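The values are calculated or read from the model by the stated rules, or taken from the named source; none is laboratory data. Nothing here was measured: the structure is a model prediction, and the numbers come from that model. Positions of Cβ are generated from backbone atoms using ideal geometry, with glycine treated the same way; all protein chains shown enter the neighbour counts.
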Amino acid sequence: MRITMAHGSGGESTSKLISEVFAKHFNNEYLSKLEDSAVVPGAGKLAVTTDSFVVTPLEFPGGDIGRLCVCGTVNDLLMSGAVPKYITCGCILEEGLDIDLLDRVIASMAETAKEAGVVVVTGDTKVIENRGGEGGLIINTSGVGFIPDDLDVPGPFKLMDGDKIIISGNLGDHHAAILGKRMGIESNILSDNAPLSEMVKKLMDGGVRVHAMRDVTRGGLGTVLNEFSEASKCSIELVETELPVSAAVKDFCGILGLDPMYMGNEGKMVLSVHKDDAEKALLLIKQSRYGENAKVIGSVSKADIDGGDRGVFVRTKIGGKRVVGPMYGEGLPRIC
Amino acid sequence: MCVALPGKVIGLEGTKATVDFSGNIVTAEAGLVKVNIGDRVLVHAGCIIQTMDDSMADELEEMFREIEDISVGG
Amino acid sequence: MAADNFLQTVIEELKNYDGDEVRIMEVCGTHTAAISENGIPAMLSPKIRLISGPGCPVCVTVTAVIDKLVELSLTENTCVLTFGDLIRVKGSKMSLADAKAEGANVRMLYSPMESIALAKENPAINYVFAAIGFETTTPVYAMVIEKAIEENINNLKLLTSLKTMPEVIRWVVNNAGGIDGFIAPGHVAAVTGEGVFKDLAKELGIPFVVSGFEGEQLLLTIYALVKMKGKGGFKNLYKKAVTPNGNETAQKCVDKYFECSDSSWRGMGKISGSGMILRQEYKQYDAGSAGLDEDHMPPGCSCEKVLVGKISPNQCPLFGKSCTPDNAHGACMVSTEGSCYNYYISGRH
C-alpha cells in the first residue's frame, strides 16, 4: 500500500494511518491520548531544540531516517548539558510513499527513542502531492530536555589553555554510508547514527570537567573545532596519527577526493576537557556504548595567540603542519 | 589533477572489473589495460588506467638509492 | 643508509636549506592537494618555494565552456553530467549550481562511464558530459565514445575542454620563467609514460621528477629537485605506476577518437596544440565544443598570474578579501585542487 492524498484529508484514512502506524509504535501515556497538545510534567530550566530530516535514501546502511531524527534531536539536547525527555514527530509524507516502509521507519524511531530514554509525546502528519519518484518522507522533530540546576553548562567559548580534545569514535561513517549508496560504491560502511545518552551521562555523573562538547554532524570535525577556536580565541592542535578513521572510510575518501575532517557523522561527539580529566573522560567514553574507538586527538593552547596562531592545526604524519579551515561549499566529490 | 587510487581487482566480466579499495567495491572499466584477478590497479574516474607493478617497488629504500646518486654524482 | 635515517636527513636538509632560492612547480592538482594535506610547506626552508602550476582542469577551464554547459543544462530534454567540483565554477554569468537552482537538469557522476547506462535508460533525454581533464582522463572519454558506438547510443555527447601537459609547461617556462624544477604529474605520466617528461627535461634544461602522492614521496621528490637545480635531468620516483611508455592501449584509444588542437586556458589565452578534440568522423558526439575561447575574468582577478606562478595566491588583490572559497571569483579558489583554495585552507602563505 502506498500513501495517497486521502491519507492527508483529515478523515477516516488519516485516523487509520495514525492509529495503525504512529500510535501503534509510539504507544505511551501522552501520545496515545491523541489530543491537540501533549501535557507533560516539567522542570526548572529547559533545553529546546528542533531539527528537520530530509535524507535520501530513507533507509541506508546502518540506519534509517527514523533512527536518524531521534539521534540528531537527542544529541543536540545532550550537547547543551540537558537530559533529553520528550520529542515530537512531524511527518511530511509524499504521495506514493510505501506504507510498509513508513511503518519500518516509525518502528525504528520508536525503538531508538526507547534506547535514548525519550518519549515521543506528540506528532503530526501531512501529505503532499507526488513530485516525481517513489514518494519521499521528511521528518521534523523537536525535543525538550531538563537541565540540572547545578550544571555549569559547557559551551564553545569555554575552552581553556591545556584542555585535551577527545573524539568519541571514528570519523565519517555516516557520510560515507549515505554518499556510497548514492554514488554506487558498495561497502560494509555503516552509518554511525546513535544516541550519545549513555556516554554523556557517564561523563556528567563522573564529574568530568567538560568545557565544551558538540556532536560532529554536517561540516565534520574541522568545522566544529573552528567554531571552538573562534569562540574561545585559542589554537587547537591535532595529531594526525591519532585521528580515528576506519580503513574503509579512508579509502572511500580517497576514491572521491574527500577529506574525513569534513565528513558528517550522526553519532559522534567532540569534547574539550580539563587536561587532568582527559584520561578519566576517555575511559568513561570507551566504556559506553558507541564509544569504543574514542581517542584523545589534540590539545588547546591560549599562548602566543597574538602571534597569529589562532585556528585549528594538524601535526601531520610526516611532521608537517597544516591549517584546518571550516568547510566551504557542499564538500563535493573531487575527481580531476 | 587526477585523483586515482590503487585498488585490487577481485572480479572480471568482459571489460568490467570489480575493484576493491579496503572494502569499498567499485565497478571499473577495464578496456584500457589488460588486467587479471588479483592485480593491483590505479582507478581514475571509474576507469582502470594502469596496473601497479608491485615488484618495481618505489618504496622509500628504492627512492633513496635513486636520489643518493644525485647527491654524489650530480 | 637505513631508510628512516635517510628520511630524517632529507627532512633536516629541506628545513635548513640555505642556498640560492629554489622555485619548484607542481603541475598536478592532486599534488597540490597532497602537499597541503601533508603540511609540507611548513617543513621547508623559506628558500624553497613551491608554486602550483596550471594542473587543475577545473581551474584552467575558460568561462565560455561553463557558459555553454549552463546553456545546455537549461535546454529542454537535456541533462548535463559532470564531476563534482566543476558545478561551482562561475561562467560569465552563472555556475552550473546556479543553473540547477533555476531548474536546470545537472547531475554529478563519479565516472563518465555511468553516462552510458543513463543514456540507455532514458532515451528521451539528451545527455551531455562535461568532458574536462588532462591526459589521464581523456582515455576515459575515449572509452565512453567507444561504448556509445558499440551500443548504438545516440543521446549522449561530450562537451570537451581537454588539455595536454607538455605544451602548457613549455608556455609557463617561456612566459613566466624562473622555475628551477618541476614535480611531474604522476597519473598523467602513468598514461603517457615517463618519456614525455624526460624529453621535456632535456629540451628545457630544467629537472623533472615524477612523483607519487604520499607525503614521504613528495618530500623526496622536492629534495631531489633541490639537488638537481641548475643541472637539469630526470628522475622517475613513481615507477610502480609509471613505466617508460605508459599505457599504450589508452594512448591508441585516445588517438582513435581524438586529435590534437589549439586550446584556450583560463587567464593564459590560446596555446597552440595544447588540447584534444573529437576527430571529424566522430563529431556527432560533440555537443558544440568548437570556438569556446572567450574567457571572462572578473575585475581584479589574477588567476592568470597565479596559474603560472608569477604571483602567490595571497598576492592577488582579491585573495581572502572578496574572493574566498565561499564566494569564489576565480576558478583557482573554487576547486579543492585550486592553488588559491589550498593556500586559503592550509595557511600556505
Looking at the stretch C:320-336, which of its residues are away from every other protein chain (no Cβ under 14 Å) and buried (at least 24 other Cβ atoms within 10 Å of the Cβ)? C:G330
If you take the residues of the stretch C:154-168 that are within 13 Å of chain B (Cβ to nearest Cβ) and part of a helix (DSSP H, G or I), which of them is modelled with the lowest pLDDT? C:V168
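If I go through the stretch C:44-60 residue by residue, how many of them are within 16 Å of C:L220 (Cα to Cα) and either assigned to a loop (DSSP other than H, G, I, E, B) or in contact with a Leu (Cβ under 6 Å, 6 or more places away or on another chain) (or both)? Show your work before the answer.
Taking the stretch C:44-60 and keeping what is within 16 Å of C:L220 (Cα to Cα), we get C:44-45, C:48-50.
Checking which are either assigned to a loop (DSSP other than H, G, I, E, B) or in contact with a Leu (Cβ under 6 Å, 6 or more places away or on another chain) (or both) leaves us with C:44-45.
Adding up the residues that qualify gives 2.
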Residue in the stretch A:80-92 that is nearest to A:Y30 (Cα to Cα), counting only those that are of a type in the set (A, V, I, L, M, F, W, C) and surrounded by 24 or more Cβ atoms within 10 Å (Cβ to Cβ): A:I87
A:G90 vs. criteria out of contact with any Cys (no Cβ under 6 Å at 6 or more places or on another chain) and under 19 Å from A:T122 (Cα atoms): yes
Failed condition for C:A241, given (1) assigned to a loop (DSSP other than H, G, I, E, B); (2) touching a strand residue (DSSP E or B) at 6+ places or on another chain (Cβ under 8 Å); (3) within 30 Å of C:V80 (Cα to Cα), with all others met? (3)
Enumerated strands (runs of 3 or more DSSP E) restricted to the stretch A:110-219, each holding at least 1 residues that are touching a strand residue (DSSP E or B) at 6+ places or on another chain (Cβ under 7 Å) and within 18 Å of A:M79 (Cβ to Cβ): A:137-147, A:164-167, A:210-215
Counting only residues in the stretch C:77-96 that are in a loop (DSSP other than H, G, I, E, B) and without any contact (Cβ under 8 Å) to a residue 60 or more places away in the chain, the one nearest to C:E294 (Cα to Cα) is identified as C:K93
Of all residues being at pLDDT 95 or above and aromatic (F, W, Y) in the stretch C:174-213, which is surrounded by the fewest Cβ atoms within 10 Å (Cβ to Cβ)? Just the residue, please. C:F197
Considering only the stretch C:84-108, how many residues are buried (at least 22 other Cβ atoms within 10 Å of the Cβ) and in contact with a strand residue (DSSP E or B) (Cβ under 7 Å, 6 or more places away or on another chain)? 6
Do you know which of the residues in the stretch C:337-349 that are out of contact with any Cys (no Cβ under 9 Å at 6 or more places or on another chain) and not in a helix (DSSP H, G or I) is modelled with the lowest pLDDT? C:H349
So which residues in the stretch C:222-238 are part of a helix (DSSP H, G or I) and away from chain A (no Cβ under 13 Å), if there are any at all? C:A224, C:L225, C:V226, C:K227, C:M228
Test result for A:V300, at pLDDT 95 or above, surrounded by 24 or more Cβ atoms within 10 Å (Cβ to Cβ) and in contact with a strand residue (DSSP E or B) (Cβ under 6 Å, 6 or more places away or on another chain): yes
If you go through the stretch A:160-175 one residue at a time, do you hit one that is over 19 Å from A:G267 (Cα atoms), in contact (Cβ under 8 Å) with a residue 60 or more places away in the chain, crowded, with 17+ Cβ neighbours inside 10 Å and of a type in the set (D, E, K, R)? yes
Taking only the stretch C:184-218 into account, find how many residues are in contact with a helix residue (DSSP H, G or I) (Cβ under 8 Å, 6 or more places away or on another chain), facing chain B (nearest Cβ under 10 Å), in a helix (DSSP H, G or I) and touching a residue at least 40 places away in the same chain (Cβ under 8 Å). 6
In the stretch A:3-22, is there at least one residue being exposed (fewer than 14 other Cβ atoms within 10 Å of the Cβ) and among the basic types (K, R)? yes
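Could you grab me the full set of residues in the stretch C:244-268 that are outside any strand (DSSP E or B) and either over 21 Å from C:A189 (Cβ atoms) or among the hydroxyl-bearing types (S, T, Y) (or both)?
Passing the criteria: C:T249, C:K256, C:Y257, C:R266, C:G267, C:M268.
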Go through C:I277, C:I311, C:I271 for me and flag whichever is of a type outside the set (K, R), in a loop (DSSP other than H, G, I, E, B) and more than 14 Å from every other protein chain (Cβ to nearest Cβ). C:I311
Just give me the residues in the stretch C:61-76 being free of Cβ contacts under 8 Å to residues at least 60 places away in the same chain, more than 30 Å from C:V172 (Cβ to Cβ) and assigned to a helix (DSSP H, G or I), in sequence order. C:E71, C:S73
Among the numbered criteria (1) more than 23 Å from C:K310 (Cα to Cα); (2) within 17 Å of the chain's Cα centre (by Cα); (3) modelled with pLDDT under 90, which single criterion is violated by C:V65? (3)
Looking at the stretch C:108-153 only, could you name the residues that are more than 10 Å from every other protein chain (Cβ to nearest Cβ), in a strand (DSSP E or B) and of a type outside the set (G, A, S)? C:N126, C:Y127, C:V128, C:F129
Within the stretch A:305-336, residues facing chain C (nearest Cβ under 7 Å), assigned to a loop (DSSP other than H, G, I, E, B) and either at pLDDT 60 or above or within 28 Å of A:F157 (Cα to Cα) (or both) come out as A:T316, A:K317, A:I318, A:G319, A:G320, A:G325, A:Y328, A:G329
Could you please let me know if A:E237 is over 14 Å from the mean Cα position of the chain (by Cα) and part of a helix (DSSP H, G or I)? no
Within the stretch C:38-60, how many residues are facing chain A (nearest Cβ under 9 Å) and free of Cβ contacts under 8 Å to residues at least 24 places away in the same chain? 1
Within the stretch A:242-260, how many residues turn out to be at the interface with chain B (Cβ under 7 Å from one of its Cβ atoms) and over 20 Å from B:G46 (Cβ atoms)? 1
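Taking the stretch C:31-60 on its own, how many of its residues are of a type outside the set (A, V, I, L, M, F, W, C) and surrounded by fewer than 24 Cβ atoms within 10 Å (Cβ to Cβ)?
Just the residues of the stretch C:31-60 that are of a type outside the set (A, V, I, L, M, F, W, C), to begin with: C:31-32, C:36-39, C:41, C:45-47, C:49, C:52-55, C:57.
From what is left, the residues that are surrounded by fewer than 24 Cβ atoms within 10 Å (Cβ to Cβ) are C:37, C:41, C:45-47, C:49.
Within the stretch C:31-60, residues that are of a type outside the set (A, V, I, L, M, F, W, C) and surrounded by fewer than 24 Cβ atoms within 10 Å (Cβ to Cβ) number 6.
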All positions within the stretch C:14-37 that are within 14 Å of chain A (Cβ to nearest Cβ) and modelled with pLDDT under 95: C:V27, C:C28, C:G29, C:T30, C:H31, C:T32, C:A33, C:A34, C:I35, C:S36, C:E37
